[in-house]
Amino acid sequence: MKYYSTRDRSLRYDSAEAIKMGLSRDGGLLTPAEIPQIDRAFLESLVPLRYQERTAKVMGLYLTDYTEEELLGFAENAYGPEKFDTPAVAPLRAVDEKTYCLELWHGPTSAFKDMALQMLPQLLSAALRKTGEDKTVCILVATSGDTGKAAMEGFADVPQTKIMVFYPKDGVSAIQEAQMVTQDGGNVGVCAVVGNFDDAQTGVKRIFSDESIRATLADRGYFLSSANSINWGRILPQVVYYFSAYCDLVRDGKLTMGDKVNFCVPTGNFGDILAAYYAKRMGLPVNKLICASNRNDVLTDFLRTGVYDRNRPFHTTMSPSMDILISSNLERLLFDLSGENDEEVRGYMAALAKDGRYEVSDDIKEALKEQYWGGFCDEAGTAAAIAKYFGEYGYLIDTHTAVAASVLEQYRAATGDETVTVFASTASPYKFCNHVLTAIGETPAGDGVELLDQLNSVSGVTVPRRLAALRGKERRFDLTAEKAGMDDVVLNFLK
């Protein structure tokens, strides 16, 4: 299968090349030239399989220059017991007969990013071999909290790779920062950026598009790629867990094959819910995609009005991985809904860069209304959802999951839709101990790693072992840069 840029359909690449590049050199996002279509027989064949086997079969539809045997080996490595703490990998937890929570945080960094970032390094290493690449790839990452650690965990000491992570200074949780600045590996680097996630993300995209930097690095034996969800190798593994959730519901008798399901996804950069959209486009029986935002409600307004406007206050919230006003993956959705009209997409992105806003066509507005429902949850609502789930269901959830739980309630109240719904749980509550403790009526006795024991004592929920291992771990990285200085950080890292 070929992949082309959302801004220039004439640029076409094989899947290995697309994964190696990460971002198209014209600034567009590489996207599949066609969406594979599945039938009932394919879906039925997945039901009895393990997660790893489902992964190989779904991803194999897109990665036609990888063999199913290769992909199965990658999946066994990515999702095996040494990495994930449950054989189910992405288990469903029943809340009631109409509501299920898809737990995506059982991997090594206790966040949903592991679902893709344990797979991406293997896809990328294979891509280097398949394309005969002799240069070292440097992975540039902008993170709002979880991607950075998950990417470093996946790429640490992987041959022919280096990785530099940028995160917003004072814009991530204490646990998230501790995970990043203590990361092991001789090929990793971490830098705090004075600003917010959008500043870090814009800086990374600028570096990717800078021909002089690329030429300098090429002379030094490096080229750049991405582990952010702008890389198709990040989106595709996420498509799998929506298929897997549906198959688990059928296997367990909660759905009849062919019945539709809703997915409610907390998102900031639009990657996780875009993966659900691709699953639906492939033929997975999905009714509605419910997009859950926090107080940074730019996506909510867009889905309701068709106007994307980042010219608004930026809020630092208790769900920091969603503190985003420029949702990069929306570009892939616009490309698909516009009938793959690269000129139209270029116009939207140019308007966003120039004016910070754009308004989509009436056809796209209608498609958005049909496919999506958008809602947001403020800080009080987030805390209330945590308290409710712990008090009524004995279920401890993190701040991002709570946003999804709250928006799902709003959706049902607004629409009366009683379709079976799966909402995504994207992080362990132990990554946000202070906010979770406060929400359930406790007073945090400190901040960061020292709160793990307090939350464990109050909740009885086991602390993920790799978070527990942060206790007393030495800090390795203290670098801070202004937005304009990110270029120098990369050039110094790759001397």
When you go through (1) within 26 Å of residue 452 (Cα to Cα); (2) buried (at least 24 other Cβ atoms within 10 Å of the Cβ) one by one for residue 140, which number turns out not to apply?
(1)
The range 292-309, residues that are within 21 Å of residue 142 (Cβ to Cβ) and in contact with a helix residue (DSSP H, G or I) (Cβ under 6 Å, 6 or more places away or on another chain):
293, 294, 308
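Here is a yes/no grid of residues against (1) surrounded by 16 or more Cβ atoms within 10 Å (Cβ to Cβ); (2) touching a helix residue (DSSP H, G or I) at 6+ places or on another chain (Cβ under 8 Å); (3) aliphatic (A, V, I, L, M):
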site: 390; (1), (2), (3): yes, yes, no
site: 405; (1), (2), (3): yes, yes, yes
site: 413; (1), (2), (3): no, no, yes
site: 449; (1), (2), (3): yes, yes, yes
site: 462; (1), (2), (3): no, yes, no
Taking the condition part of a loop (DSSP other than H, G, I, E, B), within 30 Å of residue 217 (Cα to Cα) and not aliphatic (A, V, I, L, M), does residue 125 pass?
no
Report yes if some residue within the range 456-463 is among the β-branched types (Val, Ile, Thr), without any contact (Cβ under 8 Å) to a residue 40 or more places away in the chain and in contact with a Phe, Trp or Tyr (Cβ under 6 Å, 6 or more places away or on another chain); otherwise report no.
yes
Looking at 399, 382, 317, 426, can you tell me which residue is crowded, with 17+ Cβ neighbours inside 10 Å, under 23 Å from the mean Cα position of the chain (by Cα) and closer than 23 Å to residue 239 by Cβ?
426
Given (1) touching a Ser or Thr at 6+ places or on another chain (Cβ under 7 Å); (2) aliphatic (A, V, I, L, M); (3) farther than 24 Å from residue 462 by Cα, residue 102 misses just (3)
Have a look at 198, 170 and point out the one that is at pLDDT below 95, surrounded by fewer than 24 Cβ atoms within 10 Å (Cβ to Cβ) and not in a loop (DSSP other than H, G, I, E, B).
198
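One line per residue, one yes/no per condition, for (1) among the acidic types (Asp, Glu); (2) in contact with a Leu (Cβ under 7 Å, 6 or more places away or on another chain); (3) closer than 30 Å to residue 89 by Cβ:
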position: 131; (1), (2), (3): no, no, yes
position: 155; (1), (2), (3): no, no, yes
position: 159; (1), (2), (3): no, no, yes
position: 167; (1), (2), (3): no, no, yes
position: 178; (1), (2), (3): no, yes, yes
position: 185; (1), (2), (3): no, no, yes
position: 197; (1), (2), (3): no, no, yes
position: 208; (1), (2), (3): no, yes, no
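Quick one: would you say residue 13 is surrounded by 17 or more Cβ atoms within 10 Å (Cβ to Cβ), out of contact with any Leu (no Cβ under 6 Å at 6 or more places or on another chain), under 28 Å from residue 422 (Cβ atoms) and not aliphatic (A, V, I, L, M)? Write out each step before concluding.
Details: surrounded by 17 or more Cβ atoms within 10 Å (Cβ to Cβ): yes; out of contact with any Leu (no Cβ under 6 Å at 6 or more places or on another chain): yes; under 28 Å from residue 422 (Cβ atoms): no; not aliphatic (A, V, I, L, M): yes.
Here the answer is no, as residue 13 does not meet what is asked.
Every residue in the range 41-77 that is of a type in the set (A, V, I, L, M), in a helix (DSSP H, G or I) and touching a residue at least 60 places away in the same chain (Cβ under 8 Å), please. Give the derivation first.
Just the residues of the range 41-77 that are of a type in the set (A, V, I, L, M), to begin with: 41, 43, 46-47, 49, 56, 58-59, 61, 63, 71-72, 75.
Keeping just the survivors that are in a helix (DSSP H, G or I) gives 41, 43, 46, 56, 58-59, 71-72, 75.
Once the filter is applied, which keeps residues that are of a type in the set (A, V, I, L, M), in a helix (DSSP H, G or I) and touching a residue at least 60 places away in the same chain (Cβ under 8 Å), the range 41-77 yields 43, 46, 58, 59.
Quick test for you: out of 215, 245, pick the one residue that is modelled with pLDDT of 95 or more and surrounded by fewer than 18 Cβ atoms within 10 Å (Cβ to Cβ).
Working: 245 fails: surrounded by fewer than 18 Cβ atoms within 10 Å (Cβ to Cβ).
Answer to the selection: 215.
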Considering only helices (runs of 4 or more DSSP H) wholly within the range 223-316, the ones with at least 2 residues that are free of Cβ contacts under 8 Å to residues at least 60 places away in the same chain and among the hydrophobic types (A, V, I, L, M, F, W, C) are 271-282
Is one or more of the residues making up the range 319-326 free of Cβ contacts under 8 Å to residues at least 12 places away in the same chain and either in a strand (DSSP E or B) or not hydrophobic (A, V, I, L, M, F, W, C) (or both)?
no
Sole miss for residue 437 among (1) crowded, with 18+ Cβ neighbours inside 10 Å; (2) closer than 26 Å to residue 252 by Cα is condition (2)
If only one of 111, 116, 126 is surrounded by fewer than 23 Cβ atoms within 10 Å (Cβ to Cβ) and either of a type in the set (A, V, I, L, M, F, W, C) or touching a Pro at 6+ places or on another chain (Cβ under 9 Å) (or both), which one is it?
126
Tally of residues being crowded, with 20+ Cβ neighbours inside 10 Å, touching a strand residue (DSSP E or B) at 6+ places or on another chain (Cβ under 9 Å) and over 27 Å from residue 13 (Cα atoms) across the range 151-167:
2
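Is there a residue in the range 13-26 that is assigned to a helix (DSSP H, G or I) and closer than 24 Å to residue 344 by Cα? I'd like the intermediate steps shown before the answer.
Here is the first cut: in the range 13-26, the residues assigned to a helix (DSSP H, G or I) are 15-21.
Among the residues that remain, those that are also closer than 24 Å to residue 344 by Cα are: 18, 21.
The answer is yes; a qualifying residue exists.
The values are calculated or read from the model by the stated rules, or taken from the named source; none is laboratory data. As the structure is a prediction and not an experimental result, all values here were calculated from the model. Every residue, glycine among them, receives a Cβ derived from its backbone with ideal geometry; neighbour counts consider all protein chains shown.
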